[in-house]
Amino acid sequence: MAKPPKGLGEDRRDAMRAVYDKHTDEFEEHFAQHFSEHSQGLLDGFVKLLPGGVSVLDLGSGPGHYAAYMRGQGCEVLCVDLSPEMVTKCEEQGLEAVVGDIENLDLGDRRFAGIWMHASLLHVPRQYIPGVVASLCDYLEPGGVLGLTVWEGEGEGPREQDAEKYGDQRWYTYFTDDDIRQLFGTHFVVGALQRSRIGADKVMLSYYMTSRVHP
């Protein structure tokens with residue numbers, strides 16, 4: 001019997017963690033295909049904006065496809081993911097990885113020249129996103145680069161089809177270009193929008209941003 005929709009608190013994060021922990025291999029295969037078909041070029045563009053050999057935070061890293069690729073380009077990468085099983089997948093590739101929550105990020109005094117967030121805001125309720133955006137500045141060096149992708153759309157809520165397929169429901173939040181510019185514009189110089197159609201009914205919005213240096 002499917003579990004009821006999850007709310008905005010810890011039960012929502014528990015549900016998301018459970019889905020990714022229980023179906024790690026399935027998602028690993030899906031993410032690998034998505035990376036090769038749709039995202040590698042975006043990641044290349046992000047890496048070109050960074051000086052060589054710099055540290056990068058892969059926030060919401062999944063099984064580590066993006067981090068492994070960046071490491072191959074000379075970056076030192078820290079993977080952070082809510083799912084312990086995803087973190088294990090990263091560690092099996094020799095990547096530095098820790099379990100962490102994007103909504104309550106605690107990485108001490110570490111700073112990064114770049115932060116990569118591929119669909120990392122997908123499962124964050126809209127009301128929490130301003131806090132997440134502000135926290136990124138705590139870990140990004142002045143003038144550092146943020147690479148961001150989100151799914152285009154409006155609205156948010158539990159994804160109903162997850163209940164039948166996985167037994168738990170993940171929270172989904174969608175964005176317009178205006179949403180991103182309003183949410184990030186105070187802390188970042190938001191670059192040009194890149195729009196990519198994924199399949200028949202999905203559109204991915206992608207951005208490169210630089211952090212604003214405030215006195």
**Report entry** Hey, ARG12 assigned to a helix (DSSP H, G or I), in contact (Cβ under 8 Å) with a residue 60 or more places away in the chain and among the basic types (Lys, Arg) or not
**Finding:** yes
Requested in this report: With the condition kept exactly as written, say whether any residue in the stretch 156-174 is more than 21 Å from SER83 (Cα to Cα), modelled with pLDDT of 85 or more and touching a Cys at 6+ places or on another chain (Cβ under 8 Å).
Outcome: no
Report task. Look at the stretch 164-209 and say how many of its residues are within 22 Å of GLN127 (Cα to Cα), without any contact (Cβ under 8 Å) to a residue 12 or more places away in the chain and either touching a Pro at 6+ places or on another chain (Cβ under 7 Å) or small (Gly, Ala, Ser) (or both). Result -> 1
Query raised in the report: Looking at GLU91, GLU37, which is the one that is within 25 Å of MET204 (Cα to Cα), assigned to a helix (DSSP H, G or I) and free of Cβ contacts under 8 Å to residues at least 12 places away in the same chain?
Result: GLU37
Report summary line: Selection from the stretch 152-192 of residues in a helix (DSSP H, G or I) and crowded, with 16+ Cβ neighbours inside 10 Å yields ASP162, ALA163, TYR166, ASP179, ILE180, LEU183, PHE184
Query raised in the report: Of all residues in the stretch 36-47 being of a type outside the set (Gly, Ala, Ser) and more than 13 Å from the chain's Cα centre (by Cα), which is surrounded by the most Cβ atoms within 10 Å (Cβ to Cβ)?
Result: PHE46
Query - Odd one out for ASP109 among (1) free of Cβ contacts under 8 Å to residues at least 12 places away in the same chain; (2) part of a strand (DSSP E or B); (3) not hydrophobic (A, V, I, L, M, F, W, C) - result: (2)
**Report entry** Meets criteria (touching a residue at least 24 places away in the same chain (Cβ under 8 Å), in a loop (DSSP other than H, G, I, E, B) and surrounded by fewer than 19 Cβ atoms within 10 Å (Cβ to Cβ)) for VAL213
**Finding:** yes
Query raised in the report: Restricting attention to the stretch 140-151, which residues are surrounded by fewer than 19 Cβ atoms within 10 Å (Cβ to Cβ) and either in a loop (DSSP other than H, G, I, E, B) or over 12 Å from the mean Cα position of the chain (by Cα) (or both)?
Result: GLU141, PRO142, GLY143
Requested in this report: For the stretch 48-79, enumerate the residues that are part of a helix (DSSP H, G or I) and under 16 Å from the mean Cα position of the chain (by Cα).
Outcome: HIS65, TYR66, ALA67, ALA68, TYR69, MET70
Query raised in the report: Based on what the data block shows, is ARG110 crowded, with 16+ Cβ neighbours inside 10 Å and either over 25 Å from VAL203 (Cβ atoms) or small (Gly, Ala, Ser) (or both)?
Result: no
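The values are calculated or read from the model by the stated rules, or taken from the named source; none is laboratory data. This structure is a prediction, so every number in the text was calculated from the model and none was measured. Cβ coordinates were reconstructed from backbone atoms using ideal geometry, including for glycine residues, and neighbour counts include every protein chain displayed.
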